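*Asks:* Could you have a look at this structure, given as structure tokens, before my questions?
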Amino acid sequence: MMIAGNWKMNLERGSAVALAKAVADAVPADGTGPEVVLAPPFPYLEAVVAAVQGSGVLVAAQNCHAAAQGAYTGEVSVPMLRELGVQACIVGHSERRAYFGETDEEVAAKVLALLDAGLRPIYCCGETLAEREADQHFSVVERQMRAALADALQAAPERVVVAYEPVWAIGTGRTATAAQAQEMHAHIRQVLRSMCGDKAAMVPVLYGGSCKPDNAAGIFAGADVDGGLIGGAALEAASFNALVAIARDH
Ligand code: PGA
């Protein structure tokens, strides 16, 4: 199991460090819990890496550029992240696709840049409400997976993480039912299997979208649900640590 917190563009330095420490302190020292990942905004990455040192918590960025360096004003490269001690990166989040026009091709290049540098991409996919209502959700997710992960699953399947985040459930308080989540996760597992055979079992498939302590147990019970990518409920230690504890029981 894996529980990843996506802080998005929230918190300030002091509260970010305090939250990271509170999460790190609650991680079971015996290694029995899920893998825990925190994804703060860029300016707090270094402070959060320091705050969780020695706890086993992984620190992730929320975005990166595919090129190692160059004339890309405002962008941050994977080698820069690695130098800070960052070990993972969210890629292809629906907010980046919708507000910043990220395409499947750009996302695929970012995934490969992360794998090349030894980091773990947390690759987000998921359909919009219109796509679900048109009964296209399975084909949309399959297209996103094949477009961004074909090379990655050949190169380093053991480092790839997939997050299924139905766009209609993100930040809306409207979560997928446990059955809807499991149904899509089973589909994703089948697509992964067709792309990389038995190695598909190595790829954690996380659910994201209004996942909270009061609905997580049902969602995490799904056979193909390997944890969660958490937005709103990751901004407070109490709710995030409760999610880590629920994942530990699954
Ligand atoms: P949410 O966000 O938990 O606030 O819905 C999840 C995400 O966007 O990763």
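The values are calculated or read from the model by the stated rules, or taken from the named source; none is laboratory data. Everything numeric in this text was worked out from a predicted model, so none of it was measured. Counting neighbours? That spans all protein chains shown, and the Cβs are built from the backbone with ideal geometry, glycine included.
*Asks:* Any residue in region 198-208 that is under 18 Å from Thr177 (Cβ atoms) and surrounded by fewer than 16 Cβ atoms within 10 Å (Cβ to Cβ)?
*Replies:* Within region 198-208, not a single residue is under 18 Å from Thr177 (Cβ atoms) and surrounded by fewer than 16 Cβ atoms within 10 Å (Cβ to Cβ).
*Asks:* If you don't mind, another one. Do you know which residues across region 97-107 are farther than 13 Å from Ile170 by Cβ and either surrounded by fewer than 23 Cβ atoms within 10 Å (Cβ to Cβ) or of a type in the set (Asp, Glu) (or both)?
*Replies:* Here is the first cut: in region 97-107, the ones farther than 13 Å from Ile170 by Cβ are 100-107.
Matches in region 97-107: Phe100, Gly101, Glu102, Thr103, Asp104, Glu105, Glu106.
*Asks:* For Ser210, are the conditions met, namely being out of contact with any His (no Cβ under 8 Å at 6 or more places or on another chain), within 15 Å of the ligand (Cβ to nearest atom), farther than 15 Å from Glu35 by Cβ and modelled with pLDDT under 95? Spell out the reasoning first.
*Replies:* Values: out of contact with any His (no Cβ under 8 Å at 6 or more places or on another chain): yes; within 15 Å of the ligand (Cβ to nearest atom): yes; farther than 15 Å from Glu35 by Cβ: yes; modelled with pLDDT under 95: yes.
The answer is yes for Ser210.
Residue-by-condition table, conditions (1) surrounded by 24 or more Cβ atoms within 10 Å (Cβ to Cβ); (2) more than 16 Å from the ligand (Cβ to nearest atom); (3) of a type in the set (A, V, I, L, M, F, W, C):
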site: Glu95; (1), (2), (3): no, no, no
site: Ile122; (1), (2), (3): yes, no, yes
site: Ala130; (1), (2), (3): no, yes, yes
site: Phe138; (1), (2), (3): no, yes, yes
site: Asp151; (1), (2), (3): no, yes, no
site: Arg159; (1), (2), (3): no, yes, no
site: Glu165; (1), (2), (3): yes, no, no
site: Arg174; (1), (2), (3): no, no, no
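*Asks:* Restrict the check to region 182-204 and report whether at least one residue is in contact with a strand residue (DSSP E or B) (Cβ under 9 Å, 6 or more places away or on another chain), among the aliphatic types (A, V, I, L, M), within 14 Å of the ligand (Cβ to nearest atom) and touching a residue at least 40 places away in the same chain (Cβ under 8 Å).
*Replies:* Within region 182-204, none of the residues are in contact with a strand residue (DSSP E or B) (Cβ under 9 Å, 6 or more places away or on another chain), among the aliphatic types (A, V, I, L, M), within 14 Å of the ligand (Cβ to nearest atom) and touching a residue at least 40 places away in the same chain (Cβ under 8 Å).
*Asks:* Shifting gears a bit: With the requirement that a residue be of a type in the set (Lys, Arg) and out of contact with any Pro (no Cβ under 9 Å at 6 or more places or on another chain), what does region 188-239 give you?
*Replies:* Those that are of a type in the set (Lys, Arg) and out of contact with any Pro (no Cβ under 9 Å at 6 or more places or on another chain): Arg189, Arg193, Lys212.
*Asks:* Any residue in region 158-180 that's more than 14 Å from Asn215 (Cβ to Cβ): show its pairings with residues that are among the acidic types (Asp, Glu) and buried (at least 21 other Cβ atoms within 10 Å of the Cβ) at Cβ separation under 7 Å, as long as the two are six or more apart or on different chains.
*Replies:* Val167/Glu127
*Asks:* Specify which of the listed residues (Gly218, Gly232, Gly227) is modelled with pLDDT of 95 or more, buried (at least 21 other Cβ atoms within 10 Å of the Cβ) and small (Gly, Ala, Ser).
*Replies:* Every option except Gly227 fails the conditions.
Residue-by-condition table, conditions (1) within 16 Å of the ligand (Cβ to nearest atom); (2) within 22 Å of Gly208 (Cβ to Cβ):
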| position | (1), (2) |
| --- | --- |
| Asn6 | yes, yes |
| Ala20 | no, yes |
| Gly33 | no, yes |
| Ala39 | yes, yes |
| Pro43 | no, no |
| Ala47 | no, no |
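*Asks:* Using the structure shown, decide if Ala238 is more than 16 Å from Thr177 (Cα to Cα) and in contact with a strand residue (DSSP E or B) (Cβ under 8 Å, 6 or more places away or on another chain).
*Replies:* No; evaluated as a whole, the condition is false for this residue.
*Asks:* Let me ask something else about it. Does region 1-9 contain any residue that is in contact with a Lys or Arg (Cβ under 8 Å, 6 or more places away or on another chain), aliphatic (A, V, I, L, M) and in contact (Cβ under 8 Å) with a residue 60 or more places away in the chain?
*Replies:* Among the residues of region 1-9, at least one is in contact with a Lys or Arg (Cβ under 8 Å, 6 or more places away or on another chain), aliphatic (A, V, I, L, M) and in contact (Cβ under 8 Å) with a residue 60 or more places away in the chain, which makes the answer yes.
*Asks:* Would you say Ala176 is farther than 22 Å from Gln87 by Cβ and in contact with a strand residue (DSSP E or B) (Cβ under 8 Å, 6 or more places away or on another chain)?
*Replies:* yes
*Asks:* Among the residues of region 12-42, write down those that are farther than 15 Å from Ala247 by Cβ and within 19 Å of the chain's Cα centre (by Cα).
*Replies:* Ala16, Leu19, Ala20, Ala24, Ala39, Pro40, Pro41, Phe42
*Asks:* Scan region 234-250 and report the pairs whose first residue is at negative phi and free of Cβ contacts under 8 Å to residues at least 40 places away in the same chain and whose second residue is in a helix (DSSP H, G or I) and crowded, with 18+ Cβ neighbours inside 10 Å, with Cβ atoms within less than 7 Å and a gap of 6+ or a chain change.
*Replies:* These pairs meet every condition: Ser239/Ala233; Ile246/Ala216; Ile246/Phe220.
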